[in-house]
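K.L.:
Sharing a structure with you now.
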Amino acid sequence: MTKLMRRPNPATTGTEIIALAYKRASTEEQLKGYGLDVQDDELRAWEAEDARRTILETFSDEGVSGALDRRPDMLRLEERAREGKANRIVVPMVDRAGRTARAAFNWAWRMQDIGVHFISIREHIDTSTELGWTMFQQYVFFSEMEWNSIRQRTLAGRNKKIEYGGWPAGPAPYGYRIEGKGQKGSFLVVCEGEALVILKAVALLVDDKSSFEEAADELNRLGMYTRSGKPWTTTNLYQRMHSETFDGYTTYRKANRGDREKATRLYEDGTPVHGKPIRIAVPQILTPYRTDELKAALKKRSIDKPRKPARIYSLSGHIASDCGQVYVGGGRTGQRA
């Protein structure tokens, strides 16, 4: 980062402060007691301390990370600031403006370009002065260091939990439920209802030699629906029957480059951003022998693909050559008639 500080605009350093207030809280901060209501109290107390201070409007981003340099209410505040009625943006503390140097500085520079400076209540900072800008820079860097440290501790704690067989995050694989959900020591156990569906599906595919379509229809007829309560489809059942949990594990941070919104974030080389894939042991629903039977049955069939309707050639066998041979109708794939 080459641009660290901008000189203040003397036209905005008057004694009367007309401010737009901004407060932000991530989900984790709200759980720890530093929610928007607490920040609102700080802002109102600051305004009441001096008759020359006025808050025109307060903007709030709830459950939004300070690492983002584009936040919904932050952008709304910018639009309001460009109306020219305020000369300050007041925040309870510097890290409300941004948890990273990029997020905080970019916002501060954009606002200073239109003559609006930042005030941070806790640190007693006003960026309309040279000292205020210097302090703002220092606290922004400290905030980013703290944020990175928290991220590393969180990641280390999650990895340690996985190593001891705990469930780190996200929904449980089909056939399992999370025991102690929301607690530090949560782990996976077999979900009896879903396990019964799996056992029935395996019996249909292995013992009855049903196709995936036939097995899905039978499960739906019996009212043994998916986790979401919807009827089984051929594709959905196919995916469930190829689950790695039948081998006694599930993979956390799968290296999947799919288009799903919740797919694991990857680097260009395909490795996950937040760590390597980790296998988590789970109790097996099928016995090893039954798992081998299922795998053998799956090799013999794939998802049933609908057959193309037979083409009818009305002149087949009705045109004969002089030598007595009969013509057969035909067509070429990909060409229009």
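Rundown of residues vs (1) assigned to a strand (DSSP E or B); (2) open to solvent by 20 Å² or more (accessible area, probe 1.4 Å); (3) of a type in the set (Lys, Arg); (4) in contact with a His (Cβ under 8 Å, 6 or more places away or on another chain), yes/no style:
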site	(1), (2), (3), (4)
199	no, yes, no, no
204	no, no, no, no
209	no, yes, yes, no
219	no, no, no, no
223	no, yes, no, no
238	no, yes, no, no
246	no, no, no, no
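K.L.:
Specify which of the listed residues (4, 56) is open to solvent by less than 80 Å² (accessible area, probe 1.4 Å), modelled with pLDDT under 80 and of a type in the set (A, V, I, L, M).
P.N.:
4
K.L.:
Applying the selection to the stretch 69-87, what residues are of a type outside the set (A, V, I, L, M, F, W, C) and buried (at least 24 other Cβ atoms within 10 Å of the Cβ)? Let's see the steps before the verdict.
P.N.:
Initial filter on the stretch 69-87 (of a type outside the set (A, V, I, L, M, F, W, C)): 69-73, 76, 78-80, 82-85, 87.
Listed by number, the list is empty, since nothing qualifies.
K.L.:
Quick check on my filter: what residues within the stretch 7-50 are part of a helix (DSSP H, G or I), modelled with pLDDT under 70 and open to solvent by less than 60 Å² (accessible area, probe 1.4 Å)?
P.N.:
The one that is part of a helix (DSSP H, G or I), modelled with pLDDT under 70 and open to solvent by less than 60 Å² (accessible area, probe 1.4 Å): 12.
K.L.:
Here's a follow-up. Please determine whether any residue of the stretch 100-114 is closer than 22 Å to residue 42 by Cβ and part of a loop (DSSP other than H, G, I, E, B).
P.N.:
The answer is no, given that none of the residues of the stretch 100-114 is closer than 22 Å to residue 42 by Cβ and part of a loop (DSSP other than H, G, I, E, B).
K.L.:
Report, by residue number, each residue of the stretch 105-114 that is open to solvent by less than 10 Å² (accessible area, probe 1.4 Å) and more than 30 Å from the chain's Cα centre (by Cα). If you could, list the steps in order and put the result at the bottom.
P.N.:
We begin by selecting, within the stretch 105-114, every residue open to solvent by less than 10 Å² (accessible area, probe 1.4 Å); these are 105, 107-108, 111.
111 - this is the single residue of the stretch 105-114 that is open to solvent by less than 10 Å² (accessible area, probe 1.4 Å) and more than 30 Å from the chain's Cα centre (by Cα).
K.L.:
How many residues are modelled with pLDDT under 70 and among the small types (Gly, Ala, Ser) when one looks only at the stretch 240-264?
P.N.:
Looking only at that region, the number is 3.
K.L.:
Which numbered condition trips up residue 88, out of (1) under 17 Å from residue 111 (Cα atoms); (2) out of contact with any His (no Cβ under 9 Å at 6 or more places or on another chain)?
P.N.:
(2)
The values are calculated or read from the model by the stated rules, or taken from the named source; none is laboratory data. Note that the coordinates shown come from a computational prediction; the quantities given were computed from them, not determined experimentally. For neighbour counting, all protein chains shown are included, and Cβ atoms are generated from backbone atoms with ideal geometry for every residue, glycine included. Protein only, heavy atoms only, side chains kept; ligands, DNA and RNA dropped before computing areas. Shrake-Rupley method; radii C 1.70, N 1.55, O 1.52, S 1.80 Å.
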